[in-house]
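Q: Mind looking over this structure? Questions follow.
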Amino acid sequence: MHALNRNRPLRRVVLATAATVSGVVLLLSLKPHSTPAAALPSSSGSGSTGSSSSSGTGTTTGTLTGTAVQTRYGPVQVRVTLKSGKITDVTAVTYPQDNPRDQQINSYAIPQLKREAITAQSANVDTVSGATYTSDGYRQSLQSALDSAGG
């Protein structure tokens, strides 16, 4: 009887180790989630336009402002600058900055979203970790501006 009691803790350790290793292997086998372009929400309202002009070839040059998208932490609105149909600049006109945490999050999220939008030449940008609501609002507002440009 005494020998069985001595082996039981060893069995527990072996089982716990095997369960931990199995869990880690399962976690490492997960693939990151990516949002397909068709699943991106788009705003049905049109944004207000600044100075914009269209040539006969369908390219747009000018500045367009997207609709203000209400998020959990406040509205997000962007202004996009297009030159010959290409995104050259995106400026966040309105975004949550009421408290220090909002300011901290958006100080790194807004520039990253801007870089990605210019690189992607669309509103199909990845969500910034820790700034999910701002990222969603940014995407929707940018898409509404691009929709109003006809692109």
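Q: Could you tally the net charge around residue 144, taking each other residue with its Cβ under 15 Å from the Cβ of residue 144, Lys/Arg +1 and Asp/Glu -1?
A: On the way: positive: 79, 139; negative: 136, 147.
Here the charged neighbours net out to 0.
Q: At 0.36 nm per residue, and after removing the present C-alpha to C-alpha distance, how many nm does the segment from residue 132 to residue 25 gain when stretched out fully? Intermediate values should be presented prior to the final figure.
A: On the way: separation 107, 0.36 × 107 = 38.52 nm, distance 2.75 nm.
Length difference between fully extended and current span is 35.8 nm.
Q: Further question: From the phi angles alone, apply the Karplus equation (6.51, -1.76, 1.60; θ = phi - 60°) to segment 125-142 and give each ³J(HN,Hα) in whole Hz, x where the residue is Gly or Pro.
A: My calculation for segment 125-142 gives 10, 6, 6, 7, 4, x, 9, 4, 5, 4, 4, 5, x, 4, 4, 5, 5, 5 Hz in order.
Q: Full extension from residue 104 to residue 89: what is 0.36 nm times the residue separation minus their Cα-Cα distance, to one decimal in nm? Mind showing how you got there, number by number?
A: Numbers: separation 15, 0.36 × 15 = 5.40 nm, distance 2.23 nm.
Full extension of this stretch gives 3.2 nm more.
Q: Using only the heavy atoms of the protein chains and a 1.4 Å probe, how would 73, 138, 95 rank by accessible area, largest first?
A: Details: 73 115, 138 0, 95 65 Å².
Ranked from most to least accessible, the order is 73, 95, 138.
Q: Given a Förster distance of 41 angstrom, what is the FRET efficiency for residue 124 paired with residue 10, based on the Cβ-Cβ distance and rounded to 0.05?
A: 0.15
Q: Considering only protein heavy atoms and a probe of 1.4 Å, how much of the accessible area of segment 97-146 is carbon and sulfur, as a whole percent? Before the final figure, lay out each step's value.
A: Working: 1100 of 2450 Å².
Carbon and sulfur: 45 percent of the exposed surface of segment 97-146.
Q: Which ³J(HN,Hα) values, rounded to whole Hz and listed in residue order, are derived for segment 16-30 from phi using the Karplus coefficients 6.51, -1.76 and 1.60 in 6.51 cos²θ - 1.76 cosθ + 1.60 with θ = phi - 60°, glycine and proline given as x?
A: Karplus-based 3J(HN,Hα) across segment 16-30 equals 5, 5, 4, 5, 5, 4, 4, x, 5, 4, 5, 5, 6, 7, 5 Hz.
Q: OK, next. In square angstrom, rounded to the nearest 10, how much accessible surface does residue 102 have for a 1.4 Å probe?
A: 20 Å²
Q: Can you work out the accessible area per residue across segment 64-151, with the rest of the protein chains kept in place, probe 1.4 Å, in square angstrom?
A: Details: 4300 Å² over 88 residues.
On a per-residue basis, 49 Å².
Q: What ³J(HN,Hα) values, in whole Hz, does the Karplus curve 6.51 cos²θ - 1.76 cosθ + 1.60 give for segment 93-98 when θ = phi - 60°, with x put for Gly and Pro?
A: Whole-Hz 3J(HN,Hα) from phi for segment 93-98: 7, 10, 7, x, 8, 6.
Q: Using every pair of alpha-carbon atoms in segment 95-151, split the distances into 10 Å bins beginning at 0 and state the percent of pairs per bin, rounded to integers.
A: Result, from short to long distances: 25, 52, 20, 3 percent.
The values are calculated or read from the model by the stated rules, or taken from the named source; none is laboratory data. This is a predicted model, so every value here is computed, not measured. Using ideal geometry, Cβ is built from the backbone for each residue, glycine included, and neighbour counts are taken over all protein chains shown. Accessible surface is based on the protein model in full, side chains and every heavy atom, while ligands, DNA and RNA are left aside. Shrake-Rupley method; radii C 1.70, N 1.55, O 1.52, S 1.80 Å.
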